[in-house]
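The structure follows.
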Amino acid sequence: MEKRIFLSSPHMSGNEQKYINDAFETNWIAPLGPNVNAFEEELAAYAETAGAAVTSSGTAAIHLAMELLGVGQGDTVFCASLTFVASANPILYLGAEPVFIDSEEETWNMSPKALACAMEEAKAEGKLPKAVIVVNLYGQSAKMDELMAICGAYGVPMIEDAAESLGSFYKGKKSGSFGQYGIYSFNGNKIITTSGGGALVSNDLDALAQSRFLATQARDAAKHYQHSVVGYNYRMSNILAGVGRAQLEVLEERVQARRNVFDRYMEALGDIQGVHFMPELEGTYSNRWLTALTLDPKLIKVTPYELIDALEAENIEARPVWKPLHMQPLFEGSKFYPHAEDGVVSERLFAEGICLPSGSNITVEEQERVVRVIRRVLSD
Ligand SMILES: *Cc1c(COP(=O)(O)O)cnc(C)c1O
């Protein structure tokens, strides 16, 4: 059996050990310390936001953002349907109700048309959502101008789930820096990693200070242990923040590498009738975290599952596109707003989509192996 090719594996730069050693030498083995402070400053400088608060995971950062926006029991939160469950789980943590919004074709992300429809109905019912969670799938920015205009018109804050889009741009502005809060993830499979971790970025420094308070068990200013509100244990450790600092230094190289991976797949497979690569909206620059494509069932008899199985037989890891959250048993009965009456875009992308191995450390030879299997299976 040939060596396994992973979907997206960690890619260390070599400098991580230096920052980890600093933490050990000074005995800062805690969920605070100089690496945490420096990583927050460096991340905010990168994102061009006033500040950043680093957390134990991206999910924790989403939870904190919603908490800061006052999401609670009985509230509704609008969320993109085509995403990883972590975008929406914190809605349930807070006892609120998710309403799912379909994708549109040009970015695979939240449809402004469906969002406008959902907002209009919510307003008519006298119950606007507490927040809208926009996701930038596989590195591609959603249609921010349109989505922000709708949120602005109704006075509803936006949380930008940029867990997959660190290093991407929308009209020259850093992905994650839109909306009231932006969220990054440094999970092991993301474009840069701290093994596990996340961040909240914002221009509201008071809110970020409050997020750090909530993330460290909400300890009141007193000599003894005093607590007035519910807190969490959500801070990033000083060791992992050291890994993050070294990873951030190579972010641009990682983006370039993943874009090269995408270009090579496009070159090698783009001529096959019925293979459609995920688009890149004009004016946006995707980090191409994962190379995603769809197989048109009218032209290709092989299903994504059959292709994934054929790749697996060759020790190659590929995955379906996220299963829309409105189709998940967990969210059964939740409201959903489709892009158009006669076609649900997220469901089609799920049925036809596949994500190929896209790590920044995949070699040209490994990619050729992937391409060979795909060409063989699709020509059967
Ligand atoms: C990875 C991911 C998250 C969650 O991040 P964790 O750090 O794993 O908690 C949230 N949203 C999306 C879209 C993701 O891909």
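Take the alpha carbon gyration tensor of segment 1-62, find the square roots of its eigenvalues, order them as a ≥ b ≥ c, and report rounded if a/c is under 1.5; if not, report prolate when a/b exceeds b/c, else oblate. Write out the running numbers ahead of the final one.
Values: a/c = 2.12, a/b = 1.37, b/c = 1.54.
Oblate, since a/c reaches 1.5 and b/c is not below a/b.
Given a 1.4 Å probe and every protein chain left where it sits, what share in percent of the accessible area of the chain is carbon and sulfur? It would help to have the intermediate numbers written out before the result.
Numbers: 8360 of 16060 Å².
Here carbon and sulfur together make up 52 percent of the probe-accessible area.
Classify segment 85-218: rounded, prolate or oblate, from the alpha-carbon gyration tensor (a ≥ b ≥ c, eigenvalue square roots; a/c under 1.5 rounded; otherwise prolate if a/b is larger than b/c)?
Taking the square roots of the gyration eigenvalues as a ≥ b ≥ c, segment 85-218 is oblate.
Counting heavy atoms of the protein chains only and a 1.4 Å probe, report the per residue accessible area for segment 16-250 as a whole number of Å².
Values: 8650 Å² over 235 residues.
Result: 37 Å² per residue.
Then there is this: Students often check this: by mean Cβ neighbours within 10 Å, which of 291-298, 191-198 ranks highest, and how do the rest follow?
Taking the mean over residues of other Cβ atoms within 10 Å, the ranking is 191-198, 291-298.
Calculate, in nm to one decimal, what Thr26 and Asn233 gain on full extension: separation in residues at 0.36 nm each, minus their alpha carbon distance.
Length difference between fully extended and current span is 72.2 nm.
Further question on the same structure: How long is the gain from Arg219 to Arg372 if the chain were fully straight, where each residue apart is worth 0.36 nm and the alpha carbon distance is subtracted?
49.4 nm
Rounded to two decimals, what ratio of Rg to Rh does the chain give with C-alpha atoms and a Kirkwood Rh?
Values: Rg = 21.0 Å, Rh = 21.4 Å.
Computed over Cα atoms, the ratio is 0.98.
Could I ask something else about it? With a cut-off of at most 11 other beta carbons within 10 Å, and DSSP calling the residue loop, which trypsin sites (Lys or Arg not before Pro) in segment 134-223 qualify? Please list them.
Taking segment 134-223 and a limit of 11 other Cβ atoms within 10 Å, the loop trypsin sites (Lys or Arg not before Pro) found are Lys223.
For labels at Leu330 and Glu2 in the simple 7 Å Cα→Cβ model, what's the distance in nm?
3.5 nm
Accessible area, 1.4 Å probe, largest first: how do Arg319, Arg288, Arg245 sort? Working shown, then result.
Details: Arg319 115, Arg288 20, Arg245 45 Å².
Largest to smallest exposure gives the sequence Arg319, Arg245, Arg288.
Within segment 7-30, find all residues whose amide N lies under 19 Å from a label point positioned 7 Å from the Cα of Asn37 along Cα-to-beta-carbon.
In segment 7-30, the label zone of Asn37 (backbone N under 19 Å from the point 7 Å along Cα→Cβ) covers 19-30.
Using r as the Cβ-Cβ distance of Glu312 and Asn89, and R0 as 25 Å, what FRET efficiency do you calculate, to the nearest 0.05?
That pair, Glu312 with Asn89, gives E of 0.35.
In square angstrom, rounded to the nearest 10, how much accessible surface does Met266 have for a 1.4 Å probe?
About 90 Å², rounded to the nearest 10.
Looking at segment 1-49, which GluC sites (Glu not before Pro) are DSSP coil and have at most 11 other C-beta atoms within 10 Å of their C-beta?
Those satisfying the criteria are Glu2.
Using alpha carbon centroids, what distance separates segment 150-220 and segment 343-379, in Å?
One Cα centre to the other: 29 Å.
Based on the Cα atoms of segment 252-379, what semi-axes does the equivalent ellipsoid have, where each is the square root of 5 times one gyration tensor eigenvalue, given in whole Å with the largest first?
For segment 252-379, the semi-axes come out at 26, 19, 15 Å.
Do any GluC sites (Glu not before Pro) in segment 304-364 lie in a loop, going by DSSP, with at most 16 other beta-carbon atoms within 10 Å of their beta carbon, and if so which?
Details: sites: Glu306, Glu312, Glu314, Glu317, Glu332, Glu341, Glu347, Glu352; in loops: Glu314, Glu317, Glu332, Glu341.
Here the GluC sites (Glu not before Pro) that fit, given the DSSP loop and packing criteria, are Glu314, Glu332, Glu341.
The values are calculated or read from the model by the stated rules, or taken from the named source; none is laboratory data. Fair warning: this is a prediction, and the values are worked out from it, not measured in the lab. So basically every Cβ, Gly included, is an ideal-geometry build from the backbone, and we count neighbours across all protein chains shown. Surface areas here come from the heavy atoms of the whole protein model, side chains and all, with no ligands, DNA or RNA. Shrake-Rupley method; radii C 1.70, N 1.55, O 1.52, S 1.80 Å.
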